[in-house]
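So the structure is just underneath, and the comments pick up after that.
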Amino acid sequence: MTVAKLDFELEKVKRVIKERGVSVAGIQLPDGLKRFGTEIASEISSFGVETVISGRSCYGACDVDVQLLELVDVLFHFGHSEFLVSSELADETTGERQESATRLLRKAAERCERLRSVIQERCIFLECRALVDVKPVVAKAAPLLRSNAVGLVATVQHAHSLEEARTTLKNFGKYVVAGKGENGCVSRPLGKMRAKCEGQILGCDFSAAASGCEEILLLGSGKFHAEGLSLYLGKKVVVADPLSGSVEEVTPKRLMAKRMAVTERASDARRFGVLLGMKPGQFDLKAALEILRLARRKGFKAYLISMDEVTREKLLAFDVDAFVSTACPRLAEDFYDFKKPVMTPLEFGVVVGERKWDEVFRF
Ligand code: SF4
C-alpha cells in the first residue's frame, strides 16, 4: 500500500504475519499519519489477522506503545526507524545495576532490560519512506545556500534519497561535507538513541551532521528537526520538504535567545520538579537522580516526578517554581512559553552555576 507518497511496506507486514503465525497485530503511527490507521488496519485484517490501532500519541521510536505490545503478537510501528542499542551502553547499565545500592536504580535497570528485550523481539519498525523525486526541492533550496561546502542530512523518510540530493547539489557547484557519525546523540539506559541510516538525524541525534561547514541542508518536514539541528550546531539550516516542495531557512540566534530567556526566568526558582519520562526510550532515572542530587547540594528543594505524556495541564498541577526534564531532550523547547520555566539538564546546570552557556547546546 502506498498512500500520500509514503511506502507503508504492507508486503513486509504480510511476510512477518505469515512467518510468525501472527493472529493479533498492533498498529502504531505518529500523530501526523494516524489518519491512515483504519486503512492500514483493513489491509492487515484482510490477511486474516485481528488488529488494534494504538490511539496514544507517538513522537518517535522512543515512544513504543508497550501496553499495547503486551496484548498483541507483534506491533507494527510506522514512521520511525528503530534506534540502535549499543552493547557498550548495555554493559554500562549492567555495571550500574551491580554497583547501585538503591532499590530504585536496580528496579529501573530491570525495567530497561525487560522493555529492550520485548521491543527487540516483537516490535517491527516500518520507516514509511517517501516515494518522491527530491531533485526539484533540492534545486529550489540550493540558491539559499551561500557557501560551496554544505552538510547534508535527512529524516528517515528521505534518508534513501541523500545520494540523489548530493548529485543535485553538485550540479549547483556545491560539495557535501560528511558528518562523522559520532557523538551528538543521547545515551539512555535503554540504549543509545542512534539513527539507523547513514545521513539520518533524529530529534535527539544529530551526529550525522557535519560540523566543518557553515550551512546544512536538511531533507525533512516541519521545523522540529531543523530547529534542533540549528541549535545543536549553531549553524544555519535550510529545510527542504520533498513532499510539499517547501523550502525554509532556520537560524540559531532567535532559538538560543529563547532558551536563554527561559533560564533567566528560572534564576529565582527555589523548588524544582525533575521530570522522569516513563516512555521506554526516554526513561533516564540515572540522569534524573543526578539532577536531584545537584539541586539539593546547592540548597534547593527538588522532587522527582514521573510522567508518561508531559502536558501543560499536568505540569500546572505541581507546586514547584521550575521543571527540569530528563525525558525527550527536545521537550523543553516545546514549553518555552509555559508559565513556569521548563529546562534541559544542561540548562539547569547553567542556572545553578555548574556550566557555561557554550556547553548547553550539546546534548
Ligand atoms: S527527539 Fe524526543 S521524541 Fe524524538 S526520538 Fe528523540 S527522545 Fe524521541
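Coordinate-derived values only; no laboratory data. All values derive from a computational prediction rather than experimental measurement. Don't worry about glycine lacking a Cβ; one is built from the backbone with ideal geometry, like all the others, and counts go over all protein chains shown.
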Subject >> Estimated FRET transfer efficiency when R0 is 30 angstrom, pair residue 71-residue 359 (beta carbons, to 0.05) >> reply: 0.10
Subject >> Whichever lysines have a C-alpha closer than 24 Å to that of residue 235, once near sequence neighbours (fewer than 8 apart) are set aside >> reply: 135, 140, 170, 174, 180, 196, 223, 253, 258, 356
Subject >> Within straight-line cross-link reach of residue 340, aspartates and glutamates at Cα separation under 16 Å, skipping those fewer than 8 residues along the same chain >> reply: 264, 268, 313, 319, 321
**OP:** Indicate the gyration tensor shape class of the stretch 132-250 (rounded, prolate or oblate), computed on the Cα atoms with a ≥ b ≥ c the square roots of the eigenvalues: a/c under 1.5 is rounded; otherwise a/b larger than b/c is prolate and the rest oblate.
**Re:** prolate
Subject >> Using θ = phi - 60° and Karplus 6.51 cos²θ - 1.76 cosθ + 1.60, couplings along the stretch 200-205 (whole Hz; Gly, Pro as x) >> reply: 8, 10, 10, x, 10, 9
Original post:
What is the chain by shape, rounded, prolate or oblate, if you read a ≥ b ≥ c off the alpha carbon gyration tensor as root eigenvalues and call it rounded for a/c under 1.5, prolate for a/b larger than b/c, and oblate otherwise?
Top reply: oblate
**OP:** Could you please state, rounded to a whole Å, how far the C-alpha centre of the stretch 265-343 is from the C-alpha centre of the stretch 151-166?
**Re:** 35 Å
**OP:** Starting at the first residue of the stretch 306-316, write each ³J(HN,Hα) from the Karplus equation 6.51 cos²θ - 1.76 cosθ + 1.60 with θ = phi - 60°, in whole Hz, x for Gly and Pro.
**Re:** 8, 7, 7, 8, 8, 10, 4, 4, 5, 5, 4
Original post:
Going by how many other Cβ atoms sit within 10 Å of their own, how do 70, 290, 227 line up, fewest first?
Top reply: 70, 290, 227
